[in-house]
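The values are calculated or read from the model by the stated rules, or taken from the named source; none is laboratory data. The structure displayed is predicted, hence computed values, not measured ones. As a convention, Cβ positions derive from the backbone with ideal geometry for all residues, glycine included, and neighbour counts pool all protein chains shown. Ligands, DNA and RNA are stripped out before the accessible areas are found, and what is left, the full protein with its side chains, is counted by its heavy atoms. Shrake-Rupley method; radii C 1.70, N 1.55, O 1.52, S 1.80 Å.
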Amino acid sequence: MPIAPTGGGGRPPRRGRVRDLALAAASAALTVPLVTIPSDAARTAAPRTGFEVSAGARWTGQAEETAFLAGLGRLGDRVSVRRIGTTAQGRPLRLVRIGSRDPDALTVLLVCGQHGDEPAGREACLTTARDLACATDARTRAFLARTEVLVVPTANPDGLAAGTRGNADGVDINRDHLALRTAEARAVAAVLRDHEPDVIEDLHEYAATAPYYDKDLFVLWPRNPNTDDRLHDEARDLAEQRVRPAALDAGFSSGVYGVWTDPATGHPVKQSAGDGQERILRNIAGLKHAVGLLVESRTDALTAAERVDPARVNHRRLTSQLIALQALLRYADERHGSIAAATAASRAAGSADRGPVHLGGADNEAPEPGETLDDPPCGYRLTRKQLARVGDELALHGVTSRPDGDGAYVPLRQPARKLIPLLLDVRAAYHLTNGQPDTAC
Ligand SMILES: [Zn+2]
């Protein structure tokens, strides 16, 4: 995509500035294809999705996905596909891994299709995984040499098969990232623990309510107030300064997820979603030291042409997702160093064991009185019974503990410091068990 000077109505650019822009555009033209269409030669050997085969008339089916991922696995060492879990109905949960195997590489994770009735994000993930794996241009190759891209293309296969938001047991997986009751959320938690992603995108869709809540794309960052400040600002910049301008350039409208606006003034009128609750993946991303991004594409038909041709609607939904996803990859490419520094600092902050922990609130809503632990305990004691009940979940969250009598002691001094009270303090809304706070330190 050529870089164009933005903004109208300002001073005309000086001649030198024009030349600089032209040079920047020319050099960008050499490096731009960070996941666009690979060469025809690469593409003919590459697997195609059911969406592509049907020209957008339908979403990729599950058997097609299995064949597609098997085809990706045959492309060579740049890509691997691994099973990371099994759903209640026996369907595989899979992880596609593309790019660098260097432990110091930046890691980008895409979690797609958590809600089974929101298929466009999944479709964007499948084609992006393939296009990254097949890319031959220098910029994408250089990106993959220092970046690991992980994709969970179908995070809720049972829901996809049934066309439901929840999984086979009716559980909303995107409210289960703290309790980890579902195989689906457990698989994602294990990926977060084992790969420590630096950037996480969670891809969704939504139903519009015109004229207040009807943008082509909504975006949001982690609002949980325990998110490290630097990570929070990186994530908000990614959403506001990267993804939204990219959407605008491509002709899509955008907004902040959950915020209804007055169509006349553009001012917010109410907030219906997008809060700080810690059991949502977008917020867990921040709590687990990643730059998190939620993206939501609009599902309903917008024009007469779309109303008579569902393939047009499907294409628009997928294209808007791809625009956001490519903006995220460009961001990860261009801000590699500052992202890595921010995620490392967030991890390290837990080991310093200082500062408050918030049990409620969001970045746009102060915690209620009593929701902030100004002087948090130094740890929580668990009885043998409590440990038996939640030990597996603590391990999946990457929380470490040590034996204590016939139970365990969970110290706050560790990277998961701000997550621990949310899991073990009786005052936290979604605590797993009532640990005994240790304040004698
Ligand atoms: Zn959703």
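Here the range 90-116 is the region considered, the condition is being touching a Pro at 6+ places or on another chain (Cβ under 8 Å) and farther than 17 Å from His177 by Cβ, and the residue that is surrounded by the fewest Cβ atoms within 10 Å (Cβ to Cβ) is Pro92. Condition first: away from the ligand (no atom under 16 Å from the Cβ), part of a loop (DSSP other than H, G, I, E, B), touching a helix residue (DSSP H, G or I) at 6+ places or on another chain (Cβ under 6 Å) and under 30 Å from Ala348 (Cα atoms). Can you find one or more residues in the range 242-260 that meet it? No: the range 242-260 contains no residue that is away from the ligand (no atom under 16 Å from the Cβ), part of a loop (DSSP other than H, G, I, E, B), touching a helix residue (DSSP H, G or I) at 6+ places or on another chain (Cβ under 6 Å) and under 30 Å from Ala348 (Cα atoms).
For every residue, the table says whether it meets (1) modelled with pLDDT under 90; (2) over 30 Å from Ala168 (Cα atoms).
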| residue | (1), (2) |
| --- | --- |
| Val32 | yes, yes |
| Ile37 | yes, yes |
| Glu52 | no, no |
| Ser80 | no, no |
| Gly90 | no, no |
| Gly99 | no, yes |
| Thr107 | no, yes |
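Going by the structure shown, is Asp131 surrounded by fewer than 24 Cβ atoms within 10 Å (Cβ to Cβ) and within 14 Å of the ligand (Cβ to nearest atom)? Walk me through it before giving the result.
Numbers: surrounded by fewer than 24 Cβ atoms within 10 Å (Cβ to Cβ): yes; within 14 Å of the ligand (Cβ to nearest atom): no.
It is false that Asp131 is surrounded by fewer than 24 Cβ atoms within 10 Å (Cβ to Cβ) and within 14 Å of the ligand (Cβ to nearest atom).
When Glu118 is tested against (1) touching a His at 6+ places or on another chain (Cβ under 6 Å); (2) without any contact (Cβ under 8 Å) to a residue 60 or more places away in the chain, only condition (2) is not met. The C-beta contact set for the range 305-316 (first residue at pLDDT 95 or above, second residue in a helix (DSSP H, G or I) and surrounded by fewer than 16 Cβ atoms within 10 Å (Cβ to Cβ), distance under 6 angstrom, 6+ apart or interchain) comprises Arg312/Ala305. Looking across the range 179-204 at every residue that is in a loop (DSSP other than H, G, I, E, B) and away from the ligand (no atom under 16 Å from the Cβ), the one that is most open to solvent (accessible area, probe 1.4 Å) is identified as Arg181. Considered as a group, the residues in the range 205-216 that are open to solvent by 20 Å² or more (accessible area, probe 1.4 Å) and more than 27 Å from Ala332 (Cα to Cα) include one that is nearest to the ligand (Cβ to nearest atom), and that residue is Ala207. Selection over the range 142-175 of residues that are surrounded by fewer than 24 Cβ atoms within 10 Å (Cβ to Cβ) and not in a helix (DSSP H, G or I) gives a count of 12. Scanning the range 373-389 for residues that are open to solvent by 40 Å² or more (accessible area, probe 1.4 Å) and either of a type in the set (Lys, Arg) or within 12 Å of Pro356 (Cα to Cα) (or both) turns up Asp374, Asp375, Arg381, Arg384, Lys385, Arg389.
Out of the residues in the range 431-441 that are open to solvent by less than 70 Å² (accessible area, probe 1.4 Å) and in contact (Cβ under 8 Å) with a residue 60 or more places away in the chain, which is farthest from Leu178 (Cα to Cα)?
Residues of the range 431-441 open to solvent by less than 70 Å² (accessible area, probe 1.4 Å): 431-433, 435, 437-438.
With in contact (Cβ under 8 Å) with a residue 60 or more places away in the chain added as a condition, the list becomes 432, 437-438.
On the way: Leu432: 8, Pro437: 19, Asp438: 22 Å.
Result: Asp438.
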